[in-house]
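What follows is a single structure, written as structure tokens, with notes after it.
What follows draws every value from the coordinates through simple rules; no lab data is involved. Keep in mind the model is a prediction, meaning the values are calculated, not measured. Quick reminder, even Gly has a Cβ in these numbers, built from the backbone with ideal geometry, and neighbours come from all protein chains shown.
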Amino acid sequence: MTNMSKYIIQGGKPLKGTISVSGAKNMATKVMVACLLSDQVMTVKNVPEIEDINRLLEVLTDLGVKTSKLGNNTYQLDPKNFDPRNLNMELVSKFRASILLLGPLLAQYKEIKFPHPGGCTIGKRPIDMFIEGFKKMGVSVSMDEKYYTFRSQGLQGADIVFPQITVTGTETLLLAAVKAKGKTKLYNVAQEPEVIALAEYLNKQGAKIKGIGTSILEIDGVVSLTNGEVDVIPDRIEAGSFLALACASNSNLKITNCDPEHLRVPITLLEQMGVKMKVNSNSIEVLSAENIQASNLKTHEYPGFPTDIQAPFTVLLTQAHGQSLIHETIFEGRLFYTDFLNRMGANIIMCDPQRVLLTGPTKLKGKKLESPDLRAGIAMVIAGLIADGTTEIENIYQIERGYENLIDKLKAIGAQIIKRND
Ligand code: EPZ
């Protein structure tokens, strides 16, 4: 889905002040799907107003869920009239989190057709681990060129080992297991804060999940769940992106409404680079990023360095003294955007698709760019804000999928950025 709007940025303006973090996209989308496990009303607070949420609300509405906005990032979802037959295939194929629907759909209906879920183009993004997990739970899965067909006579508890850690895979099979018959054990699960928050919500509503926050989840299936009120946790990836912006532009910026506990590894890396910060319980203030030094960066599952802020930190490293090796270990196609940084004046050599060698510091110059995906898109915005001259970024739908109210937030700290509809 593209639109013709673009961002136009006049770079090099001093930034100062306070920038606030919204609710986490990658928790909000998941917990809102979980409303389908009960027939009661769910109230979700701190929901970011972003395109992925709009798409999910459309999917839920098509499925018969009554959705109402109560104002100020709060939504009420009433799944009483949920009908799995009204799944909108076109919309579902637009964003990755839609695959979480499979558990609740299979809990109510014996046969579900489902397209390959969409999301950012940052690698192949297969769903083999989901399919293997569902098979273990007694689901038969077949596939033609367009759709997967899932058939089940009722989900059965199972022992499922993930050969590799998968965030959405863990969450999808968790949603499937909470109402499955018997016990499910999930081994080698993701431990991202969003996964933990989802599991904690489910337990609050009557699920029986043990081992939350560890690598093994043990789930005793229950017959029914309630729905209730849930607060979406702060978006650690948005916070990390603003942190990279503050340091790359050497600005005195205070990032508020965030949870620094979720960013301990990136914060430590910044300290090693020579950034001076004040870290409080729910804010991080960058005091100075003068003369920062290069650093190697290797992405890792939580609590390691998040792949989702690898691109913003790479922009930051173009301003650091020395050589940095950036190693993207999670996705095989998440470094190609470095080509646009080189066009802006960076000095980056691709060693192989998952490793680049960057030598800094280099002054960046404004360019015409097109956002390939969400996080490379925000990296372009950061690069544009620190560059000399004008940067134009097209395909900004990709950025607005995940960053709430970005233009207003940036303008409030002194950035010169406008959105133009051509
Ligand atoms: C989630 O994607 C996030 N998306 C991503 O954020 C994030 O980058 C990623 O986790 C890693 O933290 C959502 O939560 C909606 P994975 P997910 O399954 O769950 C491979 C953003 O910018 N794999 O943990 O899709 C996969 O190819 C987005 O907000 C298989 O091989 O990621 C990857 O190499 C982008 N087979 C690795 O596992 C499978 O069946 C980890 O992916 C599933 C995954």
Worksheet item: Of LYS80/LYS409; LYS94/LYS419; LYS367/LYS409, which pairs sit farther than 31 Å apart, going by alpha carbon to alpha carbon?
Response: LYS80/LYS409
Worksheet item: Is it possible to state the helix-based mean residue ellipticity at 222 nm for the chain, with each DSSP H run of 4+ residues giving -39500 (n - 2.57), the sum divided by total residues, to the nearest 500 deg cm²/dmol? What is it?
Response: -8000 deg cm²/dmol
Worksheet entry | Positive-end residue of GLY11, LEU100, PRO48, charge dipole of the range 1-113 with Cβ unit charges | GLY11
Worksheet entry | Net lengthening on full extension, SER224/ILE407 (0.36 nm per residue, minus Cα-Cα) | 61.6 nm
Worksheet item: With each pseudo-label sitting 7 Å past Cα toward Cβ, what's the ASN342-LYS278 distance in nm, one decimal?
Response: 4.2
Practice prompt. Just rank LEU57, LEU217, LEU317, fewest to most, by other beta-carbon atoms within 10 angstrom.
Written response: LEU57, LEU217, LEU317
Discussion item. Let's test the formula: R0 of 45 Å, r as the Cβ-Cβ distance of SER5 and ILE216. What FRET efficiency results, to the nearest 0.05?
Written reply: 0.50
Discussion item. I'd like to know which of GLN354, THR329, MET273 lies farthest towards the positive end of the charge dipole of the range 260-361, counting +1 on Cβ of Lys and Arg and -1 on Cβ of Asp and Glu.
Written reply: MET273
Fill in: Bridge type composition, the chain - antiparallel percent by DSSP, nearest 5
75
Discussion item. So, R0 is 30 Å and r is the distance between the beta-carbons of ILE418 and ASN291; what FRET efficiency does that work out to, to 0.05?
Written reply: 0.40
Worksheet item: Roughly speaking, what is the centre-to-centre gap between the range 391-422 and the range 283-349 when only Cα atoms are used, to the nearest Å?
Response: 21
Worksheet, complete the sentence: Going residue by residue through the range 141-155, the Karplus relation 6.51 cos²θ - 1.76 cosθ + 1.60 with θ = phi - 60° gives ³J(HN,Hα) values, rounded to whole Hz and with x marking Gly or Pro, of 10, 10, 8, 10, 4, 9, 10, 8, 10, 9, 10, 8, 9, x, 6
Discussion item. Give me the dipole magnitude in Debye, nearest 20, for the range 278-422 about the Cα centre, with unit charges on the beta carbon: positive for Lys and Arg, negative for Asp and Glu.
Written reply: 320
Worksheet item: Which of the aspartates and glutamates could a cross-linker bridge to LYS135, judged by Cα under 13 Å and excluding same-chain residues fewer than eight apart?
Response: ASP159
Discussion item. Can you compute the label reach from GLU58? Point 7 Å from Cα along the Cβ direction, backbone N cut-off under 17 Å, restricted to the range 77-112.
Written reply: 86-99
Discussion item. Which of rounded, prolate or oblate describes the range 207-280 when judged by the alpha-carbon gyration tensor and an a/c cut-off of 1.5?
Written reply: prolate
Fill in: Test item: Cα-centred dipole of the chain, Lys/Arg +1 and Asp/Glu -1 on Cβ, debye
80
Discussion item. Place a point 7 Å from the Cα of LYS110 along the Cα-to-Cβ direction; which residues of the range 158-192 have their backbone N under 19 Å from it?
Written reply: 180-181
Worksheet entry | Shape of the range 277-422, Cα gyration tensor, a/c cut at 1.5 | rounded
Worksheet item: Based on Cβ point charges of +1 for Lys and Arg and -1 for Asp and Glu, what charge dipole magnitude is obtained for the range 108-181 about its Cα centre, in debye rounded to the nearest 20?
Response: 180
Worksheet, complete the sentence: Stretched fully, the stretch from ASN86 through LYS45 gains (0.36 nm per residue minus C-alpha distance, one decimal, in nm) 12.1 nm
Worksheet, complete the sentence: So for the chain, using the alpha carbon gyration tensor with a ≥ b ≥ c as root eigenvalues (a/c under 1.5 gives rounded; past that, a/b versus b/c decides prolate or oblate), I'd call it prolate
Worksheet item: Which length gain, in nm to one decimal place, applies between ARG264 and LYS298 when the Cα-Cα distance is subtracted from 0.36 nm times their residue separation?
Response: 10.8 nm
Item to complete: Taking the Cβ of each residue in ILE8, ILE399, ILE216 as the centre, tally the other Cβ atoms inside 10 Å and list the residues starting with the fewest.
Response: ILE216, ILE8, ILE399
Worksheet, complete the sentence: The exposure ranking of ARG55, ARG334, ARG85, fewest beta-carbon neighbours within 10 Å first, is ARG85, ARG55, ARG334
Worksheet item: So, in nm, how far is label GLU132 from label ASP231 when the simple model puts each one 7 Å beyond its Cα toward the Cβ?
Response: 3.9
Practice prompt. Place a label point 7 angstrom from the Cα of ASP159 along the Cα-to-Cβ direction, then list the residues of the range 166-188 whose backbone nitrogen is under 16 Å away.
Written response: 183-188
Discussion item. Show me the three semi-axes of the equivalent ellipsoid for the range 21-84, from the C-alpha gyration tensor (sqrt of 5 times each eigenvalue), largest first, rounded to whole Å.
Written reply: 19, 12, 10
Worksheet item: By DSSP, what percent of the beta bridges with both residues in the range 99-189 are antiparallel, rounded to the nearest 5?
Response: 70
